[in-house]
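Report on the following structure.
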Amino acid sequence: MKKTILFLLAFNFFTLNILRADEGMWLPMLLKSLNESDMQSKGLKLSAEDIYSINKSSLKDAVVQFGGGCTGEIISDKGLLLTNHHCGYGQIQAHSTVENDLLTNGFWAMNQSQELSNPGLTATFIVRMEDVTAKVLNGVTDNMNDAERDKKINEAIGVLTKEVTSSSKFGAFIRPFYYGNEYYMFVTETFRDVRLVGAPPSSIGKFGGDTDNWMWPRHTGDFSIFRIYANKNNEPADYSADNVPYKPKHVIPVSLKGAEENDFTMVYGFPGRTTEYLSSYAVNMIMNESDPAKVKIRETRLRILDEDMKGSDKVRIQYSAKYAGLANYWKKWAGEVNGLKKLDALNKKKAFEQEFQQKVNSDNAAKEKYSNLFSDFEKNYAQYSILNKQRDYYVEGILGIEAVNYALTFNETIDALVAGKTTTDLAKNIEKLKADLPAFFKDYNAATDEKICAAMLKMVSENLDKSQQADVFAEIEKKHKGDFSKFAREVYSKTIFTSEVKMIAVLNDLGKSYKKLLKDPVYLLMKSSYNKFYKDVRPDYNALDAKIALLNRTYMKGMRELMTNKKYYPDANSTLRVAYGKVKGYNPKDGVFYNYYTTLNGLIEKENPLVDEFIVSPKLKDLYLKKDYGQYADKNGELRVAFCASNHTTGGNSGSPVFNGEGQLIGTNFDRNWEGTMSDIMYNPDQVRNIVLDVRYTLFVIDKYAGAGYLLNEMKIVK
């Protein structure tokens, strides 16, 4: 009976793999050989060359990595860039004050002279990709230890990237794929003058707030608009009043046709990180240990922030972006656990591993390479999970205390001063600390942080064995009887790390003043926690991490050798990818079905004037009452807000263009459904949906709501 059940699980797993037509984040340069025919059979009217080409203009030339963590798309021949509101949120916040609150009120430049510069914001294009596996792994042998292997690989990467960057205006980087079994080089062009053009008010751009985050149905107008500027030669340049709008190689046409059920869709962007090929031992740790711990820690921090933000507009503005960042993955991790359990992911992984082991046992050559693979996984994860728990509580708990995290930025510099080192690097570090100080204190509230400090220390104390806790915890027990609130009050009443004025004075003469910091209670708290983690945890953690990385590389190689019934797409690693699927709704639970699109009618139904997240602006409501939708209404006269589809996406795909089969923009990707967040680890075709802002709603807000219709004149609108 047991063998029969495992066989059926394995059969179901492989059947799922064969039928998961919408699964995958594919390298654009390989679409011709791997995906073109399948994509065209599903409704794509373009060729692989139209999507990615190094010989002619293609869609890749209108897709950028926005700010390093999102995606954006070029929608005009004057460098107009569309991305998500939450991707531009940090810039919108940076331009906001209590007196001029762009977050709440929105912002629209009515001409180019009103567009706002954003120091440090970049937009990066991919010029070309190249498989450099043979060059990177040349001379690398199985007999090398990790240090030797890494040294050889890094030397090769250095030579290859230098060949590009020293002989051209372009940048370049090389990333490992399939756990280091392959390597690809990406040649880039990065623009450094990116200006804010427009953003809707939070009542549109963040409608539904954290309540609706990761959820479907959705009614969030999650977009913002920027413009890329270049020098007069159309090349990247630092901000200058003399810069001109960038002239792109390709402009994406914007469609008013909309998306209907079962229509082909394609997402083009920079997905951040997935781990689709993990062992069952890793999935068990994530699902049953790590994710639940991180959810619990962040839930506590969010509760404290929420209370203080509701009590003060100043704190609300200071912490709005931080809160959103914290809440984003708090909710994601919770959904991931739920989705993995619903999919029965652990048993499916085990069934796959049993099938793999059977293949190994029947092949003498495979036995030599893979026979001990799973016993090694089991042995290493038994130790790794213990250390990973300590790491989670250090990173999410201790470093979740802002003053402690800030004190950590001084650690290297103060250690150097204590050792009597006076180097050029030390001087640079001090200057950086001075430069970073205003930004930290602009968005910092000591009273809030004190509450978080007490709560985080309490959680660490309750969830880690005493042997796993830093020495400071024994002192708290001895001096304060384990009263963490009392300890935090004392620390925050004496520290200078919470005072901008005092920290400026210290930094102006750090060569002498650093001795004050050595006795500072926040610095002592940081140092005790830091020493515990870096001396007792990190060395063993890194050693096991390296062993597991080798096992993953071996396992990945074995899968591709022995389990040949599927195409293996590489895990996401913030490089340019294509995902494709179809517009469709889904059943989140028994007796419930979600339609594939939402409308302004549904947004109005969610209105709640007593809850900030669900306030509808009077102007938007007036347009709704008048049904003044113009050319942006669908064939039934409704204004659609969003739709969902089965494209495989993850973090980093925020802001990605969503195309129809003709390569026209029909929406902007901005989220996933909560039930499908497990797709970073295992894809479930019945539950995984990406959430897309219908571009017709975007245009409606720009034109009818904001009165910035002049921007549409730059676009190629397809009716």
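Just so you know, all these numbers are worked out from the coordinates, no wet-lab data involved. Owing to the predicted nature of the structure, the values given are computational and were not obtained by experimental measurement. Cβ placement follows ideal geometry from the backbone for every residue including glycine, while neighbour counts extend to all protein chains displayed.
Okay, here's what the table says:
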read-out: Unit charges at the beta carbon, dipole of the stretch 183-240: most positive-side option, GLY208, TYR184, ASN234; value: ASN234
read-out: By average C-beta atoms within 10 angstrom, highest first, the peptides 316-324, 274-282, 367-375, 572-580; value: 572-580, 274-282, 316-324, 367-375
read-out: Under 20 Å, Cα to Cα: Lys pairs in the stretch 141-255, sequence gap 8 or more or different chains; value: 7
read-out: Ratio of Rg to Rh over the stretch 353-441 (Cα coordinates, Kirkwood Rh, two decimals); value: 1.34
read-out: Debye intensity ratio I(q)/I(0), log10, the stretch 72-220, q values 0.10, 0.15, 0.21 Å⁻¹ (C-alpha model); value: -0.59, -0.88, -1.22
read-out: Unsatisfied cross-links (Cα-Cα over 30 Å) in the set LYS466/LYS547; LYS294/LYS369; LYS78/LYS432; LYS310/LYS331; LYS566/LYS635; value: LYS294/LYS369; LYS78/LYS432; LYS566/LYS635
read-out: Assigned charges on the beta-carbon of Lys, Arg, Asp, Glu; the chain dipole about Cα centre (debye); value: 520
read-out: ³J(HN,Hα) computed for each position of the stretch 311-317 - Karplus, 6.51 cos²θ - 1.76 cosθ + 1.60, integer Hz, glycine/proline x; value: x, 7, 5, 4, 5, 4, 5
read-out: Descending principal axes extents, the stretch 174-275, alpha-carbon based, whole Å; value: 45, 44, 30
read-out: Under the Karplus curve 6.51 cos²θ - 1.76 cosθ + 1.60, θ = phi - 60°, whole-Hz ³J(HN,Hα) for the stretch 106-117, x wherever Gly or Pro sits; value: x, 8, 9, 7, 8, 7, 5, 5, 8, 5, 9, 6
read-out: Nearest-20 debye value, the stretch 407-488 charge dipole, Cβ charges on Lys, Arg, Asp, Glu; value: 180
read-out: Along principal axes, Cα extents of the stretch 379-501, largest first, whole Å; value: 44, 39, 27
read-out: Theoretical ellipticity at 222 nm over the chain - DSSP helices of four or more residues, -39500 (n - 2.57) apiece, nearest 500; value: -13500 deg cm²/dmol
read-out: Radius of gyration and maximum dimension Dmax of the chain, Cα, Å; value: 26.5, 76
read-out: For the stretch 492-497, 3J(HN,Hα) per residue [Karplus equation, 6.51 cos²θ - 1.76 cosθ + 1.60, θ = phi - 60°, Hz, x = Gly/Pro]; value: 6, 7, 10, 6, 9, 6
read-out: Computed over the stretch 491-621, Cα set: Rg, Dmax in Å; value: 27.8, 69
read-out: Dipole magnitude of the stretch 32-105, debye to nearest 20 (Cβ charges: Lys/Arg +1, Asp/Glu -1, about Cα centre); value: 240
read-out: Overall Cα dimensions of the stretch 542-600, principal axis frame, Å, largest first; value: 52, 31, 31
read-out: Over the stretch 603-653: Kirkwood hydrodynamic radius from C-alpha pairwise inverse distances, Å; value: 13.5
read-out: Farthest toward positive dipole pole in the chain [+1 Lys/Arg, -1 Asp/Glu at C-beta], among ALA345, ASN100, VAL616; value: ALA345
read-out: Per-selection Kirkwood Rh - the stretch 632-718 (Cα, Å, 1 d.p.); value: 14.2
read-out: Anchor LYS486: lysines whose Cα lies under 16 Å away (excluding residues fewer than 8 positions away in-chain); value: LYS451, LYS458, LYS478, LYS494
read-out: Beta bridges by DSSP in the chain, antiparallel share as percent, to the nearest 5; value: 95
